[in-house]
1. In whole Å, what are the extents of the stretch 74-219 along the principal axes defined by its C-alpha atoms, from largest to smallest?
2. Using θ = phi - 60° and the Karplus form 6.51 cos²θ - 1.76 cosθ + 1.60, what ³J(HN,Hα) does each residue of the stretch 106-114 get, whole Hz, x for Gly and Pro?
3. List the residues, sorted by chain then number, that are 5 or more residues from Val147 or on another chain and whose placed amide H is less than 5 Å from its amide H.
4. Measuring from a point 7 Å past the Cα of Gln165 along Cα-to-C-beta, which residues in the stretch 123-145 have an amide N at less than 12 Å?
5. So who's got an amide H within less than 5 Å of the one on Tyr80, skipping anything under 5 residues away but keeping other chains? H placed 1.01 Å off N, in plane.
Amino acid sequence: MTRPEAPRPEVARPEPEHATINGGARNFGNHDFNRPAPQVVHENVNVHTTVNVREHENVYHTGGYRGVHPYYYHPYRPYYWGPHWHPVGFFLSALAADAIWFNFSGQRYGYDDGVYYLPANGGYDVVPAPIGAVVGSLPDGYETTMVGNDTFYYFGGAFYVATDQGYQVVAAPPGAVITQLPTGAVDQQINGQDLLVYNNVYYSPISENGQDAYEVVTP
């Protein structure tokens, strides 16, 4: 994972007024993880201290629609996509110098390693990925899931589809199966079953090929 550190500008250069986040020739999946971490003033969510960092992984699923996968309760283990990933609600005092800025739906967003930010209270709040925005590439560790004949990509609680411009953020598709849920998901019991809720999306615990997983459902 260690790469030689390249010089960076002191501040992020502004991007053109459009929804696509392409960052010129930069590849979002290959950021320098040795750069100094920004100072954190406070956190307004509880984050586990154990950090799991994994190499680039494409997990291919053959997920179906609701009802194909039987309910299978298993304990929720919050997942953390490395030191530069933060869950929705997290607060930072400053973003990395190579963060990308873009305008979308009247908002000025910051983007860095699969995380989206909005300015707030002298710093930046992590917010849900804005549906419709496009990124040039996905960070390492994304998953691939099939719903019917459609392919979706998943990273850090956000779903994407491939387009000619890159990967576009979409609403979570019912029937999609993923293996990790972010820190910040909460348990909610519906009709006698424990579901997990993250960013207003419901996930049902299932088992697929003997592996604990989660299916997007509409309760």
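1. Ordered largest first, the stretch 74-219 gives principal extents of 44, 35, 26 Å.
2. x, 10, 9, 9, x, 9, 7, 6, x
3. Phe152
4. Answer for this model: 132-136.
5. Placed amide hydrogens put Asn52 under 5 Å from Tyr80.
Every number here is computed from the coordinates shown, using simple stated rules; none is lab data. Remember, it's a predicted structure, so these values are computed and weren't measured experimentally. Positions of Cβ are backbone-derived with ideal geometry, glycine not excepted, and every protein chain shown enters the neighbour counts.
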